[in-house]
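The values are calculated or read from the model by the stated rules, or taken from the named source; none is laboratory data. Predicted, not measured: the structure shown is a model, and the values here were computed from it. Using ideal geometry, Cβ is built from the backbone for each residue, glycine included, and neighbour counts are taken over all protein chains shown. Ligands, DNA and RNA are excluded from the accessible area calculation, which covers all protein heavy atoms including side chains. Shrake-Rupley method; radii C 1.70, N 1.55, O 1.52, S 1.80 Å.
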Amino acid sequence: MVDVLAATFPGQNFGLKWVNDVLLNGHKVGGIITEAVLELESTSTAAFIIGIGLNLTTADFPAALTDVAGAIQVGADVDRNLLAARIIDHVTQLYAHYGDGAFLPAYRQRSVTIGKQVTLNLGNERVLGKVLDIADNGGLVLRDVFGTVHTFTSGEVVKVENSH
């Protein structure tokens, strides 16, 4: 999705906050949610559902969101159908490489979390630490405040700070 956004909006420096947020100028402009539907008898994936939300041209956000949310290009004339078609086409092409992780170098390059101090929410638990990398399985590699290195495959990064 970010490849398509970068081609559609040249000059914009899109970033990715693990695992599913698209950022621009420090503000969230998009998000991705995925869900797999499992075949119970074979425990294999029967369907994979991808939901995408983008703030393309929104000028005004509720007061509670103005510090965190933004738009890609306020007031722009965006052909949403063409953008959606390009995203679907690109995702379809890359899906064949989902299992081999061929997309991970580009993901790491756009990551805004690698090398940063973060707060990771894991349900009712919070983990503080420095992000070292994105693992080959897509997990967040984090050294916690006690020096222990963990790889998390779920959770939400709720705060990103500069390293100290």
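Let me know the shape class of region 1-107, please: from the alpha-carbon gyration tensor, a ≥ b ≥ c as square roots of the eigenvalues, rounded when a/c is under 1.5, otherwise prolate if a/b is greater than b/c, or oblate. Verdict is prolate for region 1-107. Within the chain, antiparallel bridges make up roughly 95 percent of the DSSP beta bridges whose residues both belong there. Relative contact order of region 7-157: 17 percent, from C-alpha pairs under 8 Å at least 6 residues apart in sequence. Each label point was placed 7 Å from the Cα along the Cα-to-Cβ direction; for Lys159 and Asn121 their separation is 1.3 nm. Shown are Lys28, Lys130, whose ranking by accessible area with a 1.4 Å probe and every protein chain present, most to least, is Lys28, Lys130. The residues of region 15-158 present an accessible area of 63 Å² per residue when probed at 1.4 Å with all protein chains retained.
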